Amino acid sequence: MKTILRPCSFPIFFCLLPLGSCTTTPGSSAVTPGHKLPADVPMNTDAGRTHPIYVMVQLQDGEELPLVLDTGTQATFLDHSLESKLGKRLRSEPLSGWGVSQEAGVYVAPKLYLGGALLEDRDTNIYTIDFRSWSALGRPAMGFLGMDVLKHYCIQLDFAAHRIRFLDDERVSKKDWGKPFPLTGGGSFISKNLVGREASGSLSLIDTGYNGDGWLTPSLFQQWTNEATLLPAAGRVRSPNGWLGGESYPELNLQRAEEPFNGIGLYLLSRHLVTLDFPRQTMYLKRTSIGPLRLDLKEVKAEARSAAAFLRSLRKKGQLPGWSKDDRESAKGAFCPTSTLSGGFAVRKEGDSSVYHFQVARASENSPWKLQRACRTDENGRTLKEYPVP
């Protein structure tokens, strides 16, 4: 799918041996239909930094599903593992996009809830596909919340406060929303591009599901790269700035795409307070950051301590694959964050030259950790054994 992940740049070291534990209890939230607008919901802190925006959507039975908030997808998709809850399959349809092809199941859309409210007017079908490729990124994902739902709302994405707000655009003041951009082409395009060349290929998709700064059509990409600057002292080429709404954007990483339109992705959007007023066909951008957002090292360390405590609790109960209660570490384990809600530990055991790897993740800051993968490798990284995960 349309995913670009920044690599792990720093390991964090934590010892698994102390028996202290940090446990979290998922918040209990009863679904209360009838609200016109969902209440504010938290945004994952790594959104716009390393990962997409995840929202915890509920089915009618209260099951919570982490869905990617995706303005670049016209329909809502769920993982195929949920098909038993969706009733009879209406039909199957081939699905192709961004080099991925698979068969999608088509079902009558179920009732979905967010922020304690029934999501607006879902008189549409819903699609099911295999989301294992998303879970392999280190975060569980069970679908996309697409434009068939989002088009009914005025949504504000506050990356600084880590909040998603659903606003009443008829009553709220818009004076602090920033620069307006008219939306066109079904409600998720603007007549601009990130090169600032309005006369050629100016249509750009606003795509919150694209985990990068954006992409350009081949001709515009060529124009953009022609402006690159050679930095002899550094021995590298500096990418040119991008342009949007008369403002310059440094440190952009734009991709070349064989598409008839350009795209503006989540990383560039996250430099702003973003208000997507879909009913009134307008996007507002209020600049809050010159360069790209970075992960907060303090937040990542806190997550690492919590994840380490989870693994210690498994070891204490004799449930850590490949380890007994009495096994000891030869050194502190290294934690490499995939995001602030997932990561991997690499640790050695006393008297054993191999390396044990544990991938952990959780759906939200208030959800419990889960062990996703456990394996043992040699010193060169070759897998020696994959352990079953409970």
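The values are calculated or read from the model by the stated rules, or taken from the named source; none is laboratory data. None of the values given here were measured: they were computed from a predicted structure. Virtual Cβ from ideal backbone geometry, glycine too; neighbours counted across all protein chains shown.
Summary table below
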quantity: Residue match in region 8-26 (condition: at pLDDT 50 or above and either in the same structural domain as ILE155 (by TED's automatic domain parsing) or farther than 21 Å from TRP369 by Cβ (or both)); calculated: no
quantity: Hits in region 160-195 - residues which are more than 22 Å from GLU258 (Cβ to Cβ) and among the small types (Gly, Ala, Ser); calculated: ALA160, ALA161, SER173, GLY178, GLY187
quantity: Pairs, first over 19 Å from THR383 (Cα atoms) in region 344-369, second modelled with pLDDT under 80 and hydrophobic (A, V, I, L, M, F, W, C), C-beta under 6 Å, six or more apart; calculated: ARG362/LEU341
quantity: Residue, modelled with the lowest pLDDT, within region 200-219, restricted to residues that are assigned to a loop (DSSP other than H, G, I, E, B), within 26 Å of the chain's Cα centre (by Cα) and not hydrophobic (A, V, I, L, M, F, W, C); calculated: ASN211
quantity: Restricting region 356-373 to residues that are hydrophobic (A, V, I, L, M, F, W, C) and at pLDDT 85 or above, the residue that is surrounded by the fewest Cβ atoms within 10 Å (Cβ to Cβ); calculated: LEU371
quantity: Residue match in region 264-279 (condition: aromatic (Phe, Trp, Tyr) and part of a strand (DSSP E or B)); calculated: no
quantity: Those residues of region 377-389 which are part of a strand (DSSP E or B) and either within 28 Å of the chain's Cα centre (by Cα) or not basic (Lys, Arg) (or both), in sequence order; calculated: THR377, THR383, LEU384, GLU386, TYR387
quantity: Residue check, ARG197 modelled with pLDDT of 85 or more, among the basic types (Lys, Arg) and surrounded by fewer than 20 Cβ atoms within 10 Å (Cβ to Cβ); calculated: no
quantity: Subset tally (residues that are part of a loop (DSSP other than H, G, I, E, B), surrounded by 20 or more Cβ atoms within 10 Å (Cβ to Cβ) and among the hydrophobic types (A, V, I, L, M, F, W, C)) for region 138-173; calculated: 3
quantity: Test: residue in region 33-55 that is at pLDDT below 50 and surrounded by fewer than 23 Cβ atoms within 10 Å (Cβ to Cβ); calculated: yes
quantity: Every residue from region 88-130 that is at pLDDT below 90, in a loop (DSSP other than H, G, I, E, B), among the charged types (D, E, K, R) and more than 21 Å from the chain's Cα centre (by Cα); calculated: GLU120, ASP121, ARG122, ASP123
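A quick yes/no check of all residues on (1) over 20 Å from ASN44 (Cα atoms); (2) in contact (Cβ under 8 Å) with a residue 60 or more places away in the chain; (3) loosely packed, with under 12 Cβ neighbours inside 10 Å:
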position: GLY62; (1), (2), (3): yes, no, yes
position: ALA75; (1), (2), (3): yes, yes, no
position: HIS80; (1), (2), (3): yes, no, no
position: LEU86; (1), (2), (3): yes, no, no
position: ARG89; (1), (2), (3): yes, no, no
position: SER101; (1), (2), (3): yes, no, yes
position: VAL106; (1), (2), (3): yes, no, no
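Yes/no per residue for (1) in contact with a Phe, Trp or Tyr (Cβ under 6 Å, 6 or more places away or on another chain); (2) within 30 Å of VAL149 (Cα to Cα); (3) at pLDDT 90 or above:
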{"site": "ASN226", "(1), (2), (3)": "no, no, no"}
{"site": "THR229", "(1), (2), (3)": "no, no, no"}
{"site": "VAL237", "(1), (2), (3)": "no, no, no"}
{"site": "THR275", "(1), (2), (3)": "yes, yes, yes"}
{"site": "PRO279", "(1), (2), (3)": "no, yes, yes"}
{"site": "TYR284", "(1), (2), (3)": "yes, yes, yes"}
{"site": "VAL300", "(1), (2), (3)": "no, no, no"}
